[in-house]
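The values are calculated or read from the model by the stated rules, or taken from the named source; none is laboratory data. Predicted model only: the values in this text are computed from it and were never measured. Here the Cβ positions follow ideal geometry from the backbone for every residue, glycine too, while neighbour counts run over all protein chains shown. Areas reflect the complete protein model, heavy atoms only, side chains present, ligands, DNA and RNA absent. Shrake-Rupley method; radii C 1.70, N 1.55, O 1.52, S 1.80 Å.
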Amino acid sequence: MKFYISARGINRLTISEAGGGGGGGRGAMKGGKGSAAAGGGTRRIYRRRVLLPVVLALGLLLPFLFVRTAFVVLESASFCSSSLDCMGWRIFGGNDPALINAAEGNSYSLSEGIKGVTYCDGDDEFLVLLKKLREELTRALLETSSTDGQIGIREIEDPTLLPASFKDLVKDVTSNKQDIKTFAFKTKAMMAKMEQMVQSARRHEYINWHLASHGIPKSLQCLSLILAEEYAVNAMARSRLPSPEFVSRLTDPSFHHVVLLTDNVLAASVVISSAVNSSTHPEKFVFHVVTDKKTYTAMHAWFAMNSINSAVVEVKGLHQYDWSHKVNVAIKEMLEIHHLIWKNKYDSLKEEVFEYQQELEKNLEVLSPSFVSLLNHLRIYIPELFPDLDKIVFLDDDIVVQHDLSSLWELDLNGKVVGAVVDSWCGRDCCPRRKYNDFFNFTNPMISAKLDSDRCAWLYGMNIFDLQAWRKTNITATYHQWLKLNLNHGFTLWHPGALPPALLAFEGHMQRIDPSWHMAGLGHRVTQVNKYMLETAAVIHFSGPAKPWLEIGAPEVRSFWYRHVNFSNGFIKRCGTTG
């Protein structure tokens, strides 16, 4: 059957049927003006020009016709000795009892319902048959969605032996003369099997994505190694930071003091260069970079040989601090408990199976090595790190500064210790992935009595700290108390990370600041980027696994970070760093 459709509609449909002769009743259909089959009577059905509603109706009916036609073709291949013999098959008959009984729900085989069917003489009979076919398919597919249908799917055969494709399924059903209900069951089973395969592939892909986030690119390793070598052989790389004439600024409260705790040389350079380039008065800024012993020489060499215009940079290693025995013991105890929390979570995740990607994502993220990094947790000791400072801005190393931060030091914190962004750009109390329920175990009465599960957590990574107010509180001691309580409760009070115990320790000491100061979450999978938000936020934060120096990040947001990398620098060129 051929439908000739033009922009003006369907003009006519001619159906020709040839009788007699050696073919046993060969039939042919032709569309067009006055066409007729050789050697037989001709029936022509003339139709008036059909408008758009009829075309739309055909669009709804043709999918069902497609399934029937597939069975007819395959059946003809099984029962006809030649293509000429198959031309004598009669399709879609109006009064064939096998097909009508199948349409009414009886268990006739599909091939029985197809053989010997003749064309409808009238349009009404044709539509009635199509309606029955639609009802038959709909009934069978609906049964597969019921409880009995699901049982039927499992009982048909081993899922591993299901047909590999729809073509194989049609061939299997027709060759075994199975009814339409079996066809529907097997179709549903194949769809369920394919869905499981897709979900499994997505899960493995996401796990690999997170594993990639834990690595350190060769270019960063290279940069640290050649800078450490430069520190050993080049006196300029060992020159004093800052220069003697600027040492007094390190404790001068009239300057804007910024603190970074990081072991990433390239990331630190981006934070500082972006802050300086965005500042109206860069000469007012003093940057304090605290790093570990293994990174100290590379970090010092970088800033000694790449001076920042106007601003002052201090680089200090943890091994250079002379803390009291009490503070040393407390820091060691803090790090050990965080390691135990992380290990406990790791061991429990090995036994769990996650059904939802969001649940898998949340649990994989807490296994990042940064969650057990001393530099990540040391921010709770900022007053001890800088005993001579009164107010500082703390910046994570995975941020980019886009607008002048100077007015942060002028904010009134109303006597509170920390100023932080709470609300997201989507509105007040809108904080996807950042409610207290996402961090804490509210089945524990100690947590449920202390916190509100639907409350928004404030952002860590760009904060203004009033160190004078901090020293008048017991925030650091409270932090340690909660760590010990978590230890005594089997590490079940919260997920691993620096933020949960900080939220508890700073409870009642946090002041909201305007959301435009801090846009976070760019290290998660970004499906849609609001360019206006990206450009107007004072600080954009790549919190999440996809750090901007990794290739797994979204290119449209990574470009905001790479624009502050000095690709003309000789060391960066040698290490092959590319944007």
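The relative contact order of the stretch 215-575 comes to 20 percent, based on Cα pairs under 8 Å that sit 6 or more residues apart. For residue 305, what charge total do you get from the other residues with a beta carbon under 15 Å from its beta carbon, if Lys and Arg give +1 and Asp and Glu give -1? That works out to +2. Residues 516, 213, ordered by accessible area of protein heavy atoms at a 1.4 angstrom probe radius and largest first, appear as 516, 213. For the stretch 161-214, the carbon plus sulfur part of the accessible surface works out to 59%, probe radius 1.4 Å.
Accessible-area rank, largest first, for 375, 487: 487, 375, with all protein chains present and a 1.4 angstrom probe.
Averaged over its residues, the stretch 182-264 has an accessible area of 55 Å² per residue, based on protein heavy atoms and a 1.4 Å probe. A cut-off of 5 Å between modelled amide H atoms, ignoring neighbours fewer than 5 places along the same chain, links residue 435 with 457.
For the stretch 215-575, rounded, prolate or oblate, judged on the Cα gyration tensor with a ≥ b ≥ c (square roots of eigenvalues), a/c < 1.5 rounded, else prolate if a/b > b/c? The shape class here is rounded.
A simple packing score, the average count of other Cβ atoms within 10 Å per residue, orders the peptides 506-512, 557-563, 325-331 as 557-563, 506-512, 325-331, with the highest score first. Solvent-accessible surface of the stretch 531-579, taken per residue with a 1.4 Å probe and all protein chains present: 46 Å². Taking amide H as placed 1.01 Å from N in the peptide plane, the amide H of residue 313 sits under 5 Å from that of 287, each at least 5 places away or on another chain. When both the stretch 379-435 and the stretch 446-461 are represented by their alpha-carbon centers, they are found 17 Å apart.
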